[in-house]
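Values in this text are rule-based calculations from the coordinates and carry no lab data. What you see is a predicted model; the values in this text were computed from it and never measured. Note that each Cβ is placed from the backbone with ideal geometry, even for glycine, and that neighbours are counted across all protein chains shown.
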Amino acid sequence: MSILTREQMDKIFKIERGSPLPFGSSITKFGVNFSIFSKNATSVTLLLFMSGEDEPVAEIELDDRLNKTGSIWHVLISGIDSKKIRYGYRMDKYPNENPNLHRYNKNITLIDPCSRALSGGEKWGIEYIRSGDIEAYDGYSKRRSIIFDSDFDWGDDRFLNTPFSETVIYELHVRGYTYSSSSKVKNSGTFLGLCEKIPYLKELGITAVELLPIYEFEESDSNRIDPITKKRLVNFWGYHPINFFSPKASYAVNPKDGNAILEFKEMVKRFHSAGIEVILDVVFNHTSEGNEDGKTHSYRGIDNKTYYILEKDGKYANYSGCGNTLNCNNPVVRDLILQSLRYWVVEMHVDGFRFDLASILGRGQNGEVLANPPLLERIANDPILANTKLIAEAWDAAGLYQVGSFPSWGRWAEWNGKFRDDVRRFVKSDEGFAMALKNRLLGSPDIYSKSGRSPYHSINFITCHDGFTLNDLVSYNNKHNIQNGENSRDGENENFSWNCGVEGESEDKDITILRKRQMKNFATILMLSDGVPMILAGDEFCRTQKGNNNAYCQDNEISWVDWHLKDKNSEMFRFFKNLIIFRKSHPFLKSKNLNSYHKENLELKFLTPKMLEDTNRDDARSVAMFIKLKDTECPPQDNSCITENIRYFYLIANSYWKNIKYLLPCIEDEYRWRYVIDTSKNSPYDIVLNSLEIKNQKEYIVRDRSVVVLVGF
């Protein structure tokens, strides 16, 4: 299709000055308004494409005297069919005194950073051919901005606003969770496919799903080859964003014409109806454009110096470990990020965000660490985001580690990496971690109390997408990443894992029993610690990645959830499910700050096996936490779990390789010690919600490498 002349364009549609706000493309009663920021471009051309066509039908050069307000270029066009038109921009700077700072290329069609939907990514994993800054894509992968006017019936959908104290987070990957045929869903690997698993998630008892990145990312830019299968690898996880607004088209059943927006909204609506919140893992620390040799989608070709932190020679600062670093505290970029967050809350009804490498959001325009980062403060105090969950991964790839010191303003929760490492080391029986475990059980007061924060600021986890699964944590001493094509140089080397005597899969019955017990130990400590627990999808039925601790590039059985394991390991699923029930049934087990809460409502102390107060026994390999409620609380009735009369709670964690005899505290005559959890026992006696009275009320033998929970009522 040939490009229309200006005379032909004037006959078909009308071109006017337009408005600088709002950014992006917006449908008005006068036509479609286009608005885009560029401080340093001297020429901007809007390109219009017919849907499915590679070449533009119209090129509209914007007049810097008429179509520019400040640094915003804009134009209003009436008479075009917004449903059939796709668009992009070409920009240039003349003269360009420093092309290393201003990387303009008049041959590249740029995506609008504020696009609500993109075309060209409808089919997952399409490869491209790259040559420098100019890419030759096949017909599927040419990305263009879509003019989208969402019309969706939310009905009576509302934000659930589940308190952090009542939240149980479940981290999953939209494609990986249902793509395996074992998932038995109709729409595998999609937003709607995820909806088909809502009954399962309800049964498990989680209250929020945390989705790995779901806005448009570049999965096909990897040049690595799996040395075993010889297949090309992909950026499966999605930490390679192209655009911060548009849901990923290939995650939709109908991926065309921006329909992913509607399917995403339908997914959120169904989750809310089931009482489950939706939290998005968002990446604002870098983009898919990479370093100097990367490709240009958008930001680099629009205003490179504004969007990225650059070194003096024009090379990209790399605090993200992914080639570039977004200039988050530049006012323009701050506004873009705030605009994105508000969009996902207001238009898409999401309940919260987990910010990848969030410490980068606290770096200044030269990469320096800011004491009071403007972006983080604006997010924390934004009135639209006031009830939105904010979770920081409080570190970056350049060595900045801010767990416990991340700028909070009372709003930011953190992934507690110290919880993960300390609990792993205690359970595997490393010496010197008893005191650390006490702090983790209490919601990490050693980390958060100095800044006045509470346990709900601590997102506790043992495993996440990044690292071993729970099954692999107890099955491998070393990472097995050869299939990632980097000769196993990638992935964390220190995993604090223990294979229980055999590396990898084992048919040895004793090894299998010990591994299941260790997984139950981890799960019990996680769910009964103060703070907000997070579970990695599939851990509840022993999902394995065959020892791969960095499966970011594995779009195959390594990353896909194998649902056959739910039946095979049904006892583990039952254990997780009942643990969640038990946690929800006890108010003092929720995130209420045990370290201060007990002063008025309960007595809490740590005891030795001989029932002495344990103040500083850090060389021990067992920890016992005793709680006495001063006034018995009455939680909601639950016929499956007798909780209303519980007055005493005793958790004993033994990571030693020998049994330990624990004397039991004396309790009033009318009360009896009963056990609820003993991970050394076979299912179904490993967790008994209606509890069983123990015969010996004076002592309890805690088996080697096990966790016991006793209650008194």
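For this structure, a couple of remarks:
- Rh (Kirkwood; distinct C-alpha pairs) - the chain, Å: 27.1
- Rounded to the nearest 20 debye, the dipole size of the range 281-380 about its Cα centre is 140 debye, using +1 on the Cβ of Lys and Arg and -1 on the Cβ of Asp and Glu.
- Over the Cα atoms of the range 5-112, the radius of gyration divided by the Kirkwood radius equals 0.96; this is the Rg/Rh ratio.
- For the chain, DSSP calls about 75 percent of its internal beta bridges antiparallel.
- Convex hull volume of the range 392-508 per residue (C-alpha atoms, cubic angstrom): 126
- For the chain, the longest principal axis of the Cα atoms and the long axis of helix 417-427 meet at an angle of about 30 degrees.
- Built amide H within the under 5 Å cut-off of ILE677, gap 5+: VAL688, VAL709
- Residues ARG17, ARG515, arranged from fewest to most other Cβ atoms within 10 angstrom of their Cβ, appear as ARG17, ARG515.
- The label point for ASN107 and the one for ARG65, both projected 7 Å from the Cα toward the Cβ, are 3.3 nm apart.
- Computed lengthening from TYR685 to ASN40, 0.36 nm per intervening residue step minus Cα-Cα distance: 225.3 nm
- Phi-derived couplings, Karplus 6.51 cos²θ - 1.76 cosθ + 1.60 at θ = phi - 60°, listed residue by residue for the range 450-461: 4, 9, x, 9, 10, x, 5, 7, 9, 8, 7, 8 Hz, with x used for Gly and Pro.
- Gained length - ASN493 relative to PHE30, 0.36 nm times residue gap less alpha-carbon distance: 160.8 nm
- Applying a threshold of 22 Å to the alpha-carbon distances of LYS438/LYS479; LYS93/LYS315; LYS231/LYS566; LYS197/LYS265; LYS186/LYS566; LYS605/LYS658 flags LYS438/LYS479; LYS231/LYS566; LYS605/LYS658 as lying beyond it.
- Förster radius 35 Å - calculated FRET efficiency between GLU571 and ASN477, Cβ distance, rounded to 0.05: 0.90
- Hz values of 3J(HN,Hα) by residue in the range 263-272 - Karplus curve (6.51, -1.76, 1.60), Gly and Pro given as x: 6, 5, 4, 4, 4, 4, 4, 5, 5, 4
- In nm, spacing of pseudo-spin labels at GLU97 and TRP409 (7 Å Cα→C-beta vector): 3.7
- Ordered by the number of other Cβ atoms lying within 10 Å of each residue's own Cβ, fewest first, PHE264, PHE573, PHE461 fall into the sequence PHE573, PHE461, PHE264.
- Amide H contacts of VAL44: LEU62, each under 5 Å away and 5 or more positions distant or on a separate chain (H built 1.01 Å from N in the peptide plane; Pro and chain starts excluded).
- Amide H contacts under 5 Å for ASP614, placed H, 5+ residues apart: PHE606, LEU607, THR608
- Sorted by Cβ density within 10 Å, fewest first, the residues VAL346, VAL283, VAL561: VAL346, VAL561, VAL283
- Sequence-distant contacts, meaning Cα pairs under 8 Å at least 6 residues apart, place the relative contact order of the range 647-701 at 40 percent.
- Acute angle (nearest 10 degrees) that the helix 570-585 long axis makes with the longest principal axis of the chain, alpha-carbon atoms: 90
- Here's the picture: a label point sits 7 Å out from the Cα of THR229 along the beta-carbon direction, and within the range 519-557 the residues with their amide nitrogen under 17 Å of it are 544-557.
- Working from Cα pairs under 8 Å separated by at least six residues, relative contact order for the chain is 10 percent.
- The alpha-carbon of LYS11 sits under 18 angstrom from the alpha-carbons of these aspartates and glutamates, leaving out residues fewer than 8 places away in its chain: GLU59, GLU61, ASP81.
- Straight Cα distances below 18 angstrom link LYS83 to the lysines LYS14, LYS29, LYS142, LYS256, with same-chain residues fewer than 8 positions distant left out.
- Each stretch of four or more DSSP H residues adds -39500 (n - 2.57); spread over every residue of the chain, this sum gives -6000 deg cm²/dmol at 222 nm.
- Helix 331-346 axis, angle to the chain major axis (alpha carbon atoms, nearest 10°): 60
- Modelled FRET efficiency - R0 56 Å, VAL253 with ASP508, Cβ distances, 0.05 increments: 0.80
- Cβ-Cβ FRET estimate between LEU692 and ARG158, R0 fixed at 51 Å, reported to 0.05: 0.75
- Cβ charges +1 (Lys, Arg) and -1 (Asp, Glu), total dipole of the chain, debye: 920
- Here the 3J(HN,Hα) profile of the range 59-65, calculated from phi with Karplus coefficients 6.51, -1.76 and 1.60 at θ = phi - 60°, is 10, 10, 7, 7, 8, 5, 8 Hz, Gly and Pro shown as x.
- Burial order of peptide ranges 100-110, 310-320 (average beta-carbon count within 10 Å, highest first): 100-110, 310-320
- In this simple spin-label model, placing a label point 7 Å from the Cα along the Cα-to-Cβ direction at both ARG617 and SER51 gives a separation of 7.0 nm.
- Candidate aspartates and glutamates for bridging to LYS269, where Cα separation is under 17 Å - those fewer than 8 sequence places away on the same chain excluded: ASP151, ASP153, ASP156, ASP157, GLU196, GLU210, GLU277, GLU347, ASP351
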